1. Listed residues Glu112, Glu119; which is part of a loop (DSSP other than H, G, I, E, B) and not β-branched (Val, Ile, Thr)?
2. Are any of the residues in region 67-80 over 22 Å from Ala16 (Cα atoms) and in contact (Cβ under 8 Å) with a residue 24 or more places away in the chain?
3. Return only the number of the condition from (1) exposed (fewer than 14 other Cβ atoms within 10 Å of the Cβ); (2) modelled with pLDDT of 95 or more that Ala3 does not satisfy.
4. If you take the residues in region 81-124 that are of a type in the set (A, V, I, L, M, F, W, C) and farther than 30 Å from Ala20 by Cβ, which one is modelled with the lowest pLDDT?
Amino acid sequence: MPALTDSTATVAELKARLLAFVRERDWEQFHAPKNLSMALAAEAGELMEHFLWATPQQSRAIVADPKKRAKIAHELADVVIYALEFANATGLDVAAAIETKMTANAKKYPVEKARGRSEKYTEL
């Protein structure tokens with residue numbers, strides 16, 4: 001398989017490759033939404049662990065360190081893999097879900113109120 005990059009791969013291609021990988025191993029039987037959502041949360045926790053107790057500035061330095069960056073990339077990959085497999089298992093369209101959510105967020109967080117602010121939309 002050719003190497004993928006963000007600039008060359010589509011979400012559909014990533015999902016298809018992942019689905020083929022899972023099917024070759026007969027893992028679909030284990031990929032109920034419950035299990036995948038829990039695995040996704042566990043992997044997100046492993047990603048967060050790299051930054052535990054770090055300041056925002058320290059977190060940027062951590063991700064810039066080549067040895068740590070490789071480990072962080074593996075954790076990010078695990079998070080995205082489980083998210084895409086969740087989409088595969090549930091028949092959810094990732095791009096459509098993102099578009100819908102971004103439209104809703106644009107209404108909740110209009111630029112004129114939210115720019116440069118971190119408050120929840122109910123506090124703007």
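The values are calculated or read from the model by the stated rules, or taken from the named source; none is laboratory data. Keep in mind it's a predicted model, so treat the numbers as computed, not measured. FYI the Cβ positions are ideal-geometry reconstructions off the backbone, even for glycines, and counts take in every protein chain you see.
1. Testing whether each residue is part of a loop (DSSP other than H, G, I, E, B) and not β-branched (Val, Ile, Thr) leaves just Glu119.
2. Yes: region 67-80 contains one or more residues that are over 22 Å from Ala16 (Cα atoms) and in contact (Cβ under 8 Å) with a residue 24 or more places away in the chain.
3. Unmet condition: (2).
4. This residue is Leu124.
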